[in-house]
1. Return the distance in nm (one decimal) between the two label points of a simple spin-label model at B:Ser334 and B:Glu147, each offset 7 Å from Cα along Cα→Cβ.
2. If each Cα of region A:71-190 is one equal point scatterer, what is log10 of I(q)/I(0) from the Debye formula at q = 0.22 Å⁻¹?
3. Once you average over the residues of B:302-308, how many Cβ atoms of partner chains fall within 10 Å of each Cβ?
4. Could you pull the copy-to-copy label distances for A:Lys413, with points set 7 Å along Cα to Cβ, in nm to one decimal and sorted shortest first?
5. About the Cα centre, and with charges only on the beta carbon of Lys, Arg (+1) and Asp, Glu (-1), how big is the dipole of region A:195-369? Nearest 20 debye, please.
6. If you take each beta carbon of peptide A:349-355 and count the beta carbons of other chains within 10 angstrom, what is the mean?
7. Which sequence of A:Tyr372, B:Tyr201, B:Tyr354 reflects their accessible areas, 1.4 Å probe, from the largest down?
8. What residue of chain A has the nearest C-beta to the axis that moves A onto B, and what is that distance in Å, given as a whole number?
2 protein chains.
Amino acid sequence: MSSEEGPTQQQQPEQEKKPDEPPSAASDAPQQESGSSSPAAEPPAAVAEPPAAAVAEPPAAAPAAEEKPLSFRALVLTGHGGYDKVKLQVKTMAKPKLKAGEVLVRVKACGLNFAELLARQGLYELLPSPPVTMGMEGSGVIEAVGEDVNDRKVGDRVIALARSGMWQEVAVVSADRTFLMPEEMSFEEGAALTINYMTAYMMLFEMANLRPGKSVLIHMAAGGVGIAATQLCQTVQDVTVFGTASASKHETITQGGVTHPIDYRTKDYVEEIRKISPKGVDIVLDPLGGSDTQKGYSLLKPLGMIIVFGAANCVTGQRKNLLAMAKTWYNQLSLNTMKLMQSNKAVSGFHLGYITDEQLFGRTMSTLLELYKQGKIKPRIDSSYHFEEVTEAMKRMHERQNIGKVILLPEPKKEEEKPKSNAEAGENVEKNDAAISEKKEEEVEAEKD
Amino acid sequence: MSSEEGPTQQQQPEQEKKPDEPPSAASDAPQQESGSSSPAAEPPAAVAEPPAAAVAEPPAAAPAAEEKPLSFRALVLTGHGGYDKVKLQVKTMAKPKLKAGEVLVRVKACGLNFAELLARQGLYELLPSPPVTMGMEGSGVIEAVGEDVNDRKVGDRVIALARSGMWQEVAVVSADRTFLMPEEMSFEEGAALTINYMTAYMMLFEMANLRPGKSVLIHMAAGGVGIAATQLCQTVQDVTVFGTASASKHETITQGGVTHPIDYRTKDYVEEIRKISPKGVDIVLDPLGGSDTQKGYSLLKPLGMIIVFGAANCVTGQRKNLLAMAKTWYNQLSLNTMKLMQSNKAVSGFHLGYITDEQLFGRTMSTLLELYKQGKIKPRIDSSYHFEEVTEAMKRMHERQNIGKVILLPEPKKEEEKPKSNAEAGENVEKNDAAISEKKEEEVEAEKD
């Protein structure tokens, strides 16, 4: 099956563009899957990204033909669909001339997020249209700084955040969206900290009002956000965590701080929670959507809050599943304020992508880095895949095999090197991809009925 | 106009009932407005109230015929409609035999709440069907204690909370729902503290997450909850309060802590707030409902929360207004979770009447009494009316003349005594009731269009 293959590596010399030259019609066209590629400038869609959030690629204002060109690997979404739509390309371009406030980062590790699985299926409206280099978070070393950048210097190890474009060996980002890494933090940890921990932190402490003695239901407790949320719950006294995950992950998540692990595949989590806590829970973090939101709402204690921050129930197979989407949409919680009053409950939505408050990002990252230094949080790296193994990486997350963060490494894989994986399950995926994949999709389908 | 008249005083000797004797058909019938009354036992509806929350009246289990009978005044809702549906009755009954956990309170002051205006119109589902003695809060002195009551004694000055039945000279309440008053607290203050401050406190600190530097929109900022919320905002550093009230009240609410008073009658409060804070506010407390909920939602900053805790927009005239109700219902905010995610906002509902968590009540009251002792909160008494003046009291609140709490006093008014009022406006109401009433209703109508 072609959709199960790894990404085709494409050699793609980037043309030097004259400033302000409109992109040719050819360069606008989505790249073909054949592996041969037109010498394309980046699509104009990238220009439409919010400047503060976007990785500034390509260096449209960098025509210096005399400089040594830069060659780099990038993972590009070439269209919407299955795993094969994400392709590894090698780009060549003139060394970028940084604008004021920008820095050039040599990327060492990148985070894979559920949003990128959605984006590949065409379900994430914040990513520019393909072709586009994906990736919202990464870590690396600063190679150059633009004007007016006073608090970053060449050689600084930083975490970087962007709306897209972090999955490449070098990236131009706004210095405001970089955060200095503590010495003891690995690049993998740095890449794992941003999206998952910021999401978990803002939900628990900015939206909800997590305080001593409260209880929290964390779905997908072994996922990136799940583990981050569980760790953050440990920073508050006497918080009870209910965490759903398949049974094989229970030991790990229990060690991580989940008080009551629940196997959502074999048990009704609503019943399980009611057995332990008849009154329900104070906070529900809901990345699933659809009927699970209704269940979560029903589980809330008076004065409790459910935060919906995803619609993972929309994603079943590799490609967009209209039936799953329709079901999720149909079952989503609809509310009027009278109903809320009678139950004394709160419903909220969270999506980091729609937050544009730079101060909030800065404040949250400072808090998180401080908690890291104090040893109170520590990203759990599930596995690291080189760019050429991106299909395996996506598959691992899609099939919920991961316990913690899945990392992508820009540097080429050495011939003899196996994928770095902390979990035994990682090797199963490699050996027996297709079989596991099919089994899982059946399970997922069955489970949602 | 009969509906503008004060309540008819009714002499109503309460029959001594044999235990377990079913009430006669006559005693079940709603009392007539004629002023003459059948010797009625309390209606069976009262029995259906949750025991912890209800004032145990009448003493169905108190048949001791040899004891000296108790005669007391009570404000009884005799049917749904205008002001004239609340009647002052004098009841006579055997001295109640307290059940375990109960205390008998000689009531000195009662609070009037917006809920009672709604209840009179038949818009408050938590009050038992008429005829029923109204009143959810009061203060007084303990006259007798039942078995198993160890932390209350005869002579204790207490605040008492109930689902209904506090508007009478003596009330039997659950000891759990009484709270010892600090020495320096007047009975009026005690009666003003419970509902308004608990509502404001739970909304700001349990549901929302009020922290230093946040901003809050408080509608009806001169009302009971409004003033309580404003004072509670002052207990947190650097909180900005936007408060709506008519211009004549601005000086008072500004002194009370409102940073930006807004005359909602002459200005668009959304525009006014945007002028001062283009990004909006963090918390909206919304007692209005309908289109104001939509406006409040639109004003929220990302990660902000609107709490709907009433539907004052339903109440225009004296009687149930189907058009206003339909409008409020039609315009109420309806949400799905996708929309919430894209805006990073939270919507919640609050209704103290639906909260049954005794520990939460106890904890909240302790906090409030502590804040009172520290001088950080102090109920503002707008005016005090004797039971026979209940129409004026309701009118004052209905027409939003009050700045702070309207209190009802069980003790009979002395002939020469004027109503106790802190506000000059109070006397206007007395002198020129009908004129003001009509003018206000027009204004309210115009404003809601």
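The values are calculated or read from the model by the stated rules, or taken from the named source; none is laboratory data. The model shown is predicted, which means the values in this text are computed figures rather than measured ones. Backbone-built Cβ (ideal geometry, glycine too); neighbour counts: all protein chains shown. Calculation scope for accessible area: heavy atoms of the full protein, side chains included, ligands and nucleic acids excluded. Shrake-Rupley method; radii C 1.70, N 1.55, O 1.52, S 1.80 Å.
1. Here the answer is 5.5 nm between the modelled labels.
2. Evaluating at q = 0.22 Å⁻¹ gives log10 I(q)/I(0) of -1.21.
3. On the way: counts 10, 9, 3, 6, 2, 5, 5.
Mean inter-chain Cβ contacts per residue within 10 Å come to 6.
4. For A:Lys413, the inter-copy label distances come out at 8.9 nm.
5. Dipole magnitude for region A:195-369 comes out near 400 debye.
6. Working: counts 13, 8, 7, 1, 3, 5, 3.
Mean inter-chain Cβ contacts per residue within 10 Å come to 6.
7. Output order, biggest surface exposure first: B:Tyr354, B:Tyr201, A:Tyr372.
8. A:Asn209, 2
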